[in-house]
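To start, the structure under review is shown below, and the notes come after it.
The values are calculated or read from the model by the stated rules, or taken from the named source; none is laboratory data. Values in this document were obtained by computation on a predicted structure and should not be read as measured data. Glycine also receives a Cβ, built like all others from the backbone with ideal geometry; neighbour counts cover every protein chain displayed. For the accessible areas, the whole protein counts, side chains as well, though only heavy atoms, and no ligand, DNA or RNA atoms are used. Shrake-Rupley method; radii C 1.70, N 1.55, O 1.52, S 1.80 Å.
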Amino acid sequence: MSPTRTLTASVPDRWIADGIGEVPGVDVVVWDVSGPAPEDVADRIEAVVLPYARGYDGELIRALPHLSTVLTTTTGFDGVAEKVGDGPAIVTAAGVHAAATAELAVALVLASLRGIDAAARDQEREQWRPQRRRSLADRRVLLVGVGGIGEQIARRLDPFEVTLTRVASRARTDERGAVHGTDELVELAADHDVLIAITPLSPDTHHLVDARVLAALPDDALVVNVGRGAVVDTEALTAEVTAGRLHAALDVVDPEPLPAGHPLWSAPNALITPHVGGNASAFEPRIVEHLRRTLGQLARGEEPPTQVRAAAR
């Protein structure tokens with residue numbers, strides 16, 4: 001179906017607009033949502049693409065008279081509805097960050113298990129301390145989250161000769177086999193060496209990995225979080241890590257960033273990266289292609305497959 005009208009959509013950066021180029025039925029304008037929309041287009045903007053890894057003013061978005069859709073540049077959309085209000089549809093960038101985030105998840109597991117973070121600190125001190133570390137091979141990995149990124153993590157773990165157990169909101173069977181429900185998480189934790197959390201944040205997943213789950217993990221188990229910080233109970237994790245019983249490799253934390261002086265900063269068995277799972281070179285070409293395709297769908301009156309909330313009627 002061909003567009004019958006022009007959809008005006010704002011994007012936060014010139015490079016995104018240049019990358020999208022010409023899309024039938026779409027007029028792309030640049031607006032970073034840090035100040036009022038340009039006067040010549042404010043009353044025409046129907047779709048707003050949110051900036052990536054930068055703040056934005058939700059009040060400015062809500063002031064647009066013809067806003068119909070908000071598009072995130074992230075997989076998660078926690079907090080978006082609260083900022084943009086109840087009216088517009090919300091479309092995420094699910095799939096754009098899957099490969100890069102999966103890469104980082106596996107990198108964090110390998111770095112922590114093999115002591116690469118400790119070796120980097122030793123290098124700064126010119127210390128040579130060879131130790132026998134744990135391999136990823138033969139580890140029992142509990143993957144909490146089986147969405148797009150979870151599947152990409154599972155694929156990247158396949159060559160490493162691990163025993164993989166997957167957990168989702170409900171038990172089911174898919175092409176990979178059994179998926180356990182979150183109601184089994186405490187029981188499953190007791191039999192796994194590595195727990196990887198990659199779930200979106202919602203009321204159901206807030207502190208899903210709580211003190212009970214952490215206590216059930218064996219001594220020296222590794223907790224990796226590449227989803228959202230609040231999926232893991234930070235207080236409970238900090239207690240386990242600073243006691244030396246568990247290890248942590250975290251790309252996301254709660255609060256984010258951790259405040260100065262937080263015990264996890266200095267814990268020798270904690271490895272922290274600053275929420276960079278999707279912030280890699282793969283982002284730019286993939287977000288451009290995603291937005292080109294998605295804006296075209298909106299112009300044709302189609303519902304994008306990554307829409308997570310319909311517009312209010």
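Data for the structure
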read-out	value
Inter-part distance where region 1-49 and region 114-182 are each reduced to a Cα centre, Å	40 Å
Carbon/sulfur fraction of accessible area - the chain, other protein chains in place, 1.4 Å, %	50 percent
Rg [Å, one decimal], Dmax [Å, integer] - region 169-306, C-alpha atoms	18.0, 57
Anisotropy class of region 1-46 from Cα gyration tensor, a/c 1.5 cut	oblate
Region 173-238 shape via C-alpha gyration tensor axes, a/c threshold 1.5	oblate
20 °C / 1.002 mPa s Stokes-Einstein diffusion coefficient of the chain, Kirkwood radius on C-alpha pairs, µm²/s	102 µm²/s
Region 19-31 - phi-based ³J(HN,Hα) in whole Hz, Karplus 6.51/-1.76/1.60, Gly and Pro as x	x, 5, x, 7, 10, x, x, 10, 10, 9, 10, 9, 8
Probe 1.4 Å, accessible area per residue of region 182-308, Å²	44 Å²
Cleavage-rule hits, chymotrypsin sites (Phe, Trp or Tyr not before Pro), region 22-130, DSSP coil, Cβ neighbours within 10 Å at most 13	TRP128
DSSP-defined antiparallel bridges as percent of all bridges, the chain, nearest 5	10 percent
P(r), alpha carbons of region 10-134 - 10 Å bins starting at zero, rounded %	11, 32, 22, 13, 13, 8, 1
Largest to smallest principal axis extent of the C-alpha atoms in region 70-203, angstrom	59, 37, 25
Ellipsoid equivalent to region 242-296 - semi-axes via the Cα gyration tensor, in Å	35, 11, 8
Rg/Rh for region 65-142, where both radii come from Cα atoms and Rh is the Kirkwood radius	1.27
Mean separation of Cα contacts under 8 Å (6+ apart) over length of the chain, as relative contact order %	19 percent
Mean Cα-pair separation over length for region 235-313, i.e. relative contact order, pairs under 8 Å, 6 or more apart, %	25 percent
When region 24-70 is reduced to its Cα atoms, the Kirkwood hydrodynamic radius in Å	11.1 Å
Given 13 as the ceiling on other Cβ atoms within 10 Å, longest exposed-site-free region of the chain for GluC sites (Glu not before Pro) in DSSP loops	176-301
Stretchable slack from GLN131 to VAL186, in nm (0.36 nm times residue separation minus alpha-carbon distance)	16.6 nm
